[in-house]
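The values are calculated or read from the model by the stated rules, or taken from the named source; none is laboratory data. Computed from a predicted model, the values in this text were never measured in an experiment. Positions of Cβ are backbone-derived with ideal geometry, glycine not excepted, and every protein chain shown enters the neighbour counts. What goes into the accessible areas is simple: the full protein's heavy atoms, side chains included, and nothing from ligands, DNA or RNA. Shrake-Rupley method; radii C 1.70, N 1.55, O 1.52, S 1.80 Å.
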Amino acid sequence: SYRASSGAASAGVRIQNGSTSLEATWVEVTVNFWAGDVIMATDSHYVELIPPGESALAGFEVFVDARVSRLTAFVTCEKQPAGAVRQLITGNARTRADYFGDLEVYGQFRNTYPFRLSSLARIDYVTRGSDGTINGGGYTYPDSSVPSGATIGWQISNFALPGTMSPASVEFTVEAESD
């Protein structure tokens, strides 16, 4: 998505680990935001671990000087034998217009990891249209560290998505970053 009034572009990517026995580790997702034949912005994000058969989300939001006409994304990773079984924290979020007319994304999750989740654990989200296509995304962090078993809420305004947008769904994943 691109919003001219704020000069912001937003993208979301779902990364699937197709292996049934190997963890995808140090997964680097890079997205290029194009205006015609010119790359206007590039952003990268690392996902530490995606268990076998699972997927993670990566959300991106950048400021650009021209309307984004297309995206390209590529992923690199290492593969290692699966360790202790650990599922990613996932969930669904909701949206509403914030005071400035941007789309505010908010949700909550329970820390199901067996350790205190760091305030630097990245929460990546994607928005989807009624046809299931990802039409935006972004990321935020918890306001504080989260003890194992505790529930915390989160919210972020996405400058690239107008508050009048009504996504059919919003989903998120939380990285396993410990204190």
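Determine whether S148 is surrounded by fewer than 21 Cβ atoms within 10 Å (Cβ to Cβ) and within 19 Å of A56 (Cα to Cα). Considered against the rule, which asks whether it is surrounded by fewer than 21 Cβ atoms within 10 Å (Cβ to Cβ) and within 19 Å of A56 (Cα to Cα), S148 comes out as no. Looking at V47, V64, just one residue is open to solvent by less than 30 Å² (accessible area, probe 1.4 Å), within 19 Å of E171 (Cα to Cα) and out of contact with any Leu (no Cβ under 8 Å at 6 or more places or on another chain), and that residue is V47.
Among the residues of the range 15-27, those that are exposed (fewer than 15 other Cβ atoms within 10 Å of the Cβ) and closer than 14 Å to A58 by Cα comprise Q16, W26. Within the range 104-127, restricting attention to residues that are part of a loop (DSSP other than H, G, I, E, B) and small (G, A, S), which residue is surrounded by the fewest Cβ atoms within 10 Å (Cβ to Cβ)? Looking at the filtered set, the residue picked out is S119. Filter the range 114-135 for residues that are touching a Lys or Arg at 6+ places or on another chain (Cβ under 9 Å) and not hydrophobic (A, V, I, L, M, F, W, C) and give the result. Within the range 114-135, P114, N135 meet the criteria. Residues in the range 92-111 that are touching a Ser or Thr at 6+ places or on another chain (Cβ under 8 Å) and within 17 Å of F172 (Cα to Cα): how many? Going through the range 92-111 one residue at a time, the tally reaches 10. Condition check for R96 on (1) part of a strand (DSSP E or B); (2) touching a residue at least 60 places away in the same chain (Cβ under 8 Å); (3) open to solvent by less than 90 Å² (accessible area, probe 1.4 Å): one failure, at (3). Across the range 160-175, the qualifying residues are those that are touching a Leu at 6+ places or on another chain (Cβ under 9 Å) and buried (at least 19 other Cβ atoms within 10 Å of the Cβ), and the one among them that is farthest from Y99 (Cα to Cα) is E175. Taking the range 2-14 as the range and being open to solvent by 60 Å² or more (accessible area, probe 1.4 Å) and either under 13 Å from N158 (Cα atoms) or not basic (K, R) (or both) as the test, the residues that pass are A4, S5. Tell me, which residue of the range 28-44 that is open to solvent by 10 Å² or more (accessible area, probe 1.4 Å) and among the aliphatic types (A, V, I, L, M) is farthest from G136 (Cα to Cα)? Selected residue: V38.
Given the criteria in contact (Cβ under 8 Å) with a residue 12 or more places away in the chain, under 16 Å from the mean Cα position of the chain (by Cα), part of a strand (DSSP E or B) and more than 29 Å from Q87 (Cα to Cα), does A9 qualify? So A9 passes the test. Each residue in the range 29-52 was checked for being more than 13 Å from the chain's Cα centre (by Cα) and closer than 17 Å to E78 by Cβ, and 5 of them qualify. Every condition in (1) open to solvent by 20 Å² or more (accessible area, probe 1.4 Å); (2) farther than 28 Å from I39 by Cβ holds for Y141 except the one numbered (2). Looking only at the range 128-176, residues that are closer than 17 Å to S6 by Cβ, part of a loop (DSSP other than H, G, I, E, B) and of a type in the set (V, I, T) come to 1 in all. Applying the condition of being open to solvent by less than 50 Å² (accessible area, probe 1.4 Å) and modelled with pLDDT under 90 to the range 84-93 and asking which residue is nearest to A8 (Cα to Cα) yields G91.
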